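Enquirer: Here it is: the structure, laid out below.
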Amino acid sequence: MRFSHITLPSLCGLLLAVACQSSDFVPKSTIAREHLARSLPVDAEHYFLDLKLLPERRAIEGRARVRFVAREAGVTSVTLDLEGLTVSAVRGSDGEQLVFVQRAGQVICSLGRELDEGEAFTVELDYGGKPVKGLWFVENSEGEVYQVFTQGECLDSRGWFPCFDFPAERATSELRVELPRHWISVAAGSRIDSGETPDGRFEHWRMNTPHPAYLTTLCAGELHAIEGEWDGIPLSFYADESYAEWMPFSFEETDEILAFLSHATGRRYPYPKYAQACVANFPFGGMENISATTLTETTLSDSLGQRDRDSHGLVAHEAAHQWFGDLLTCADWSHIWLNEGFATYFTQLYFEESRGLDEFRARMRDTQSSYTEADRGQNRRPTVHAIYRDPFDLFFGGQTYAGGACRLHYLRFILGDEGFFAGIRRYVADNEGRAVVTADLRRAMETASGRDLTTFFEQWFYQAGYPELNVDWSWDAARKLVLLEVEQVQEPKRGTPRVFDLEVDVELRLGKTRQVLRLVLDERSEEFEIAAASAPTWVRFDKHGWLPARTASRKSGTEWVAIAAEDDDVNGRRDAAHALGRMLLAVEDSESRRLYLSSLVSRLRDDSQPAVRRAAVEALAKMPAAVAAPHLEQAARKDENAGVRAAALRGMAGFGASPERAALAHEVYAEGYSWDVKIAAAGLLAAASPKTARKWLLERFDEPSPHGRLMAGLVRVLSGLESEIVIADVKTVLADSGAPDSAREAAADALGRRARYDREVRDLLFALLDENSHRLRQSAIKNLGRLRDTSAIPRLRRELAQSAHSPERRNIEKALKQLDR
């Protein structure tokens, strides 16, 4: 990254001191440090950006007017964040020229006099250049720019306009953008004007709700627009025209989502419109820019792709951010979970409302598992955490998204639905338009529920980790007691409490009745005596799975069979399927084997929930082919859920060569139920008929699919064949600039695993580093590390020195660490 330096000796001492006091510039540091909340001597009120896009030069020319108010008397200068662009002039409120210094990601402007407390002042900056971050130019296959988008989070808005670039500072904004004549744009707020210019056209947007700079947005290009409406709010959807037919699949639930969120938060959608723009080469799934979300175009798919995974979760997540992240924004990045954890949980709450309790519980279990798997070892840290190198570091490790959602879910259990949702509405009402910290949520929840939540917030948000529990029970017939033993076995390391204070529900199945008790755990090891008239059929610890924990429960096979058949909790039945699969591998008694197998087959055939049927598939796939194949074949042909069909096909691939299963793979592939099912069928064919698979796979590389998804899957299948000749086939895909990015990414991943120390592969990956595609660059970086070829170190070090993107820098560092071993 390069910075422009303007040397003005008479001001250097003063302006350097100001810069040191108010800088939030994050260098490419290798040392994590504590970041304190940033404060300014001024309060930003309004940004007016007059921007001209120069696509042919990958450049911009801009004029930014920033109005602010002095928080204190005696302010003589102001420091704005700006990286990678050059300022040519700065003027004051009356048009007077101001002296300025540009250095180290900042523009430091002398105001020419002292401001009084409460006095307003405006600085106007002329600037321009080729953005190195914050604003992205997207090229087509001919190398022509056809789209532009911005991405501000965390510290990248400073890459396209001068601003106070931290989340607590909120201001209204306007954007006037000049663009090519055949382009359109979408930005925050309302379009208030548009028209022709001598060499193109302009659009003028205004956002009257104050917001942080990182939520300022622009998408522009050759975009197809679809208009809609919800409760008087205009809705608009944008994407390349080639995706016009698929756009309704992705956005059809937007109105229901906004209605749900409005009701759940107690605050009707607060902005004049809601737009969603899908763009190419977007580096993330989506970004919640205020009133105008940006999404990756890869979320768009046809009906087959929608059977595999739809866009509704992504749409709901970014829509939830319009409240949690935009209307209420974390005051500093250490509290980022208030943005992402809320958006993650409210996405699941939407599915509870729209899909029902079973799907919600299955999704929450997946969220909990994702969190507990990630928050381990060196990744362990508290949810609220101010020690980092770059704020983007806080987005990884599980705590911010899934971990935050799991804690909200458990808080809901502690308070009950009435107290929890009353607290959410109080939190939104009390903090609308403000920067928030975790203590603000606690105050709202305590006020609404009347409960002291000091311990809860201390252990779940300011301490690290989660409980790890061993649970066992036995029946004391003489005393008619259930003896329940619970031991907390988590290691008290890296800030993890030795003992968590917990509340948990335990269910006893007694004949035809069910008894649920709430227990309080506050010791490392505890035993509970529960009176019961007879031995329970089962004891379910943490009924309905509210607790974010790793729990090991010892149960008999008959208890698991009963849970599989009769538990009203989808996750109880899912756990039972997995447990019975493990028991089938170990049990020798034929009657038990028959019972466990019958239970799994029943779950696969009859259970209403795909999560349970998939668990049954995975359990059956561990059985011998003669036992399991007929049941898996039925699922592969008939199950209504594409994920279950694909899992059944993958399960059968483990059974080895078979003409019958090869014929099944041909049949299922030709039927084309979904793209994932077709890919899984190809994988089954490769296992069932390995001698014919290579030719068959290569012949199908040119079959069209959304974003090259099928070809990418076929490349992965091809790379799994044992023959060394497939290495050359995969290299051909990687070298083919006309192949879909997804297929080339799959080829890079395959070669990173199978072709270590191969200099030809190294050079092909070097070539990907020069591509415009973000995903190909990241794939090249990752797989250069996997190759173990130390000759890649100099190139990766050069990339690290030049990269302006925080996640990419972390990827390069990881690759270098692999090569330095």
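Enquirer: Sorted by accessible area (1.4 Å probe), largest first, how do S737, S474 line up?
Expert: Accessible-area ranking of S737, S474, largest first: S737, S474.
Enquirer: How high is the relative contact order of the chain? Use alpha-carbon pairs under 8 Å, at least six apart in sequence, and give a whole percent.
Expert: Rounded, it is 7 percent for the chain.
Enquirer: Moving on to the next point. Pop out the carbon and sulfur fraction of the accessible area of the chain as a percent, whole number, probe 1.4 Å.
Expert: Here carbon and sulfur together make up 48 percent of the probe-accessible area.
Enquirer: Also: Give me D for the stretch 456-540 in µm² s⁻¹, whole number, from Stokes-Einstein with Rh from the Kirkwood sum over alpha-carbon pairs, 25 °C and 0.890 mPa s.
Expert: D = 173 µm²/s.
Enquirer: While we're on this one: Relative contact order, percent, of the stretch 124-273 when contacts are C-alpha pairs under 8 Å separated by at least 6 residues?
Expert: Relative contact order comes out at 20 percent.
Enquirer: If I ignore ligands, DNA and RNA and count only protein heavy atoms, how much of E559 is accessible to a 1.4 Å probe, in Å² to the nearest 10?
Expert: 10 Å²
Enquirer: For the stretch 341-476, what's the relative contact order in percent, using C-alpha pairs closer than 8 Å and at least 6 residues apart?
Expert: 29 percent
Enquirer: A further question on this structure: Looking at the chain, what % of its DSSP beta bridges pair antiparallel, to the nearest 5?
Expert: So the antiparallel bridges in the chain amount to around 80 percent.
Enquirer: Based on DSSP H runs of at least 4 residues, each adding -39500 (n - 2.57), what is the mean residue ellipticity at 222 nm of the chain after dividing by all its residues, to the nearest 500 deg cm²/dmol?
Expert: Helices in the chain give a 222 nm mean residue ellipticity of -12500 deg cm²/dmol.
Enquirer: Another question, then. Highest mean first, how do 510-516, 147-153, 439-445, 161-167 rank when packing is the count of other Cβ atoms within 10 Å averaged over residues?
Expert: Per-residue Cβ counts within 10 Å, averaged per peptide and sorted highest first, yield 161-167, 147-153, 439-445, 510-516.
Enquirer: Now, a different point. Once you have the Kirkwood Rh of the stretch 235-386 from its Cα pairs, apply Stokes-Einstein at 20 °C and 1.002 mPa s and quote D in µm²/s.
Expert: 130 µm²/s
Enquirer: May I have the extent of the alpha carbons of the stretch 337-376 along their three principal axes, as whole Å values ordered from largest to smallest?
Expert: Taking max minus min along each principal axis of the Cα atoms, the stretch 337-376 gives 32, 21, 6 Å.
Enquirer: Report, in debye and to the nearest 20, how large the dipole of the chain comes out about its Cα centre when Lys and Arg carry +1 and Asp and Glu carry -1 on their Cβ.
Expert: In debye, rounded to 20, the chain gives about 2480.
Enquirer: Match the structure shown to one of the listed values (1) 40.1, 116; (2) 28.9, 95; (3) 47.7, 163 of Rg and Dmax of the Cα atoms in Å, computed from it, and give that label.
Expert: Comparing each candidate, only (2) matches the computed number.
The values are calculated or read from the model by the stated rules, or taken from the named source; none is laboratory data. Here the structure is a predicted model, which is why all the values come from computation and not from measurement. Cβ atoms come from the backbone with ideal geometry, glycine included; neighbour counts cover every protein chain shown. Just the protein is used for accessible areas: all its heavy atoms, side chains included, with ligands, DNA and RNA removed. Shrake-Rupley method; radii C 1.70, N 1.55, O 1.52, S 1.80 Å.
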